[in-house]
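A.B. asks: Please see the structure below; I have some questions.
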Amino acid sequence: MPETPRPASTSRRRNPGTQREHPHVILGVTGSIAAHKAVDLCSQLTRQGCEVHVVLTAHAQRFVTALPFRTLSRHPVVTDLFHETDAWQPPHIALAGETDLLLIAPATAHVIARLALGLANDALSCIALALNPHTPLLIAPAMHAHMWLHPATQHNAAILKSRGAQFLGPESGLLSSGDHGIGRLLAVDVICRETLARLRRTPPKRRRAK
Ligand SMILES: Cc1cc2nc3c(=O)[nH]c(=O)nc-3n(C[C@H](O)[C@H](O)[C@H](O)COP(=O)(O)O)c2cc1C
């Protein structure tokens, strides 16, 4: 598929030595049946000019593999908190420090609970904790209606909203269980559009001070 040029809408004006040309986005993918849709999301964000760094939870990898994300984003995919790299800095700290935005799509009930509690038991939750407090966190939930409407999930979502997280969806419709209700992942092009809009309102990250 030919690569479309980076549009002016998302490109960053380069201020030599201080700012980057393209926004950096971490796309966290969790263990939902909707995880396959994150492949398209990764592709759309990349084609819209973002540098996309994908992080897959262990349970996301029961639904999708790193391969399509690595190929479409042109970056390595984080699949393991303890994966060794040549860099001295732990990958989750380096990624969290460099990113302009963390988007979790699809977000399970479990990751919403982990983030609300501040747990740090995998790469994605460590990145979420290590983010600069001003870095936007966007969460696109996907789950069965009963899971979304459960008081525990609603409470966890309210905690994250009170800390500044922005929720994208979920929307109502036919669920993978065959039931109708709220819990569907918002359409990928809407998530992409909202992410780009949020990036435009966020000052680009300056290069980390040495
Ligand atoms: C077939 C299948 C589909 C699932 N879909 C969802 C889902 O859409 N949303 C959700 O919150 N959990 C879903 N789960 C449960 C999660 O995979 C489970 O809570 C897991 O621990 C999430 O881990 P993670 O958040 O670290 O990726 C599903 C489980 C199975 C077996």
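Values quoted throughout were computed directly from the atomic coordinates according to the rules given, and no laboratory measurement underlies them. This structure is a prediction, so every number in the text was calculated from the model and none was measured. A quick note on method: Cβ atoms are made from the backbone with ideal geometry, for glycine too, and the neighbour counts reach across all protein chains shown.
A.B. asks: Which order results if Phe63, Phe69 are arranged by neighbouring Cβ count within 10 Å, fewest first?
C.D. replies: Starting with the residue having the fewest Cβ neighbours, the order is Phe63, Phe69.
A.B. asks: Another one. Report the Cα centroid-to-centroid distance between segment 136-210 and segment 65-88 in angstrom, as an integer.
C.D. replies: Here the two parts' Cα centres lie 23 Å apart.
A.B. asks: Then there's this: Where does each of His22, His36, His75 land when they are ranked from fewest to most other beta-carbon atoms within 10 angstrom?
C.D. replies: Arranged by neighbour count, lowest to highest, His22, His36, His75 become His36, His75, His22.
A.B. asks: Just want the ordering: Leu186, Leu119, Leu103, Leu27, from fewest to most Cβ atoms lying within 10 Å of their own Cβ.
C.D. replies: The fewest-first ordering by Cβ neighbours comes to Leu119, Leu186, Leu27, Leu103.
A.B. asks: Only bridges whose two residues both fall in segment 24-200 count here: according to DSSP, what percent of them are antiparallel, nearest 5?
C.D. replies: Taking every DSSP beta bridge within segment 24-200, about 20 percent pair in antiparallel fashion.
A.B. asks: Please state the shape class of segment 53-210: rounded when a/c is under 1.5, otherwise prolate if a/b exceeds b/c and oblate if not, all from the C-alpha gyration tensor.
C.D. replies: The shape class here is prolate.
A.B. asks: Tell me which residues come under 5 Å, amide H to amide H, from His53 once H is placed; ignore anything under 5 positions away on its chain.
C.D. replies: Sorted by chain and number, the residues that satisfy this are Val25, Ile26, Leu27.
A.B. asks: Okay, next question. Non-local amide H neighbours of Ala107 (under 5 Å, H modeled in plane, Pro and chain starts lacking H): which ones?
C.D. replies: Hits under the 5 Å cutoff: Ala140, Ala142.
A.B. asks: For Ala116, what is the net charge nearby, where nearby means another residue's Cβ is under 14 Å from its Cβ and Lys, Arg count +1, Asp, Glu -1?
C.D. replies: Local net charge: +3.
A.B. asks: Now, a different point. Sorted by average packing, counted as other Cβ atoms within 10 angstrom per residue and highest first, what order do 80-87, 169-176, 121-128, 149-156 take?
C.D. replies: Ranking the peptides 80-87, 169-176, 121-128, 149-156 by packing returns 121-128, 169-176, 149-156, 80-87.
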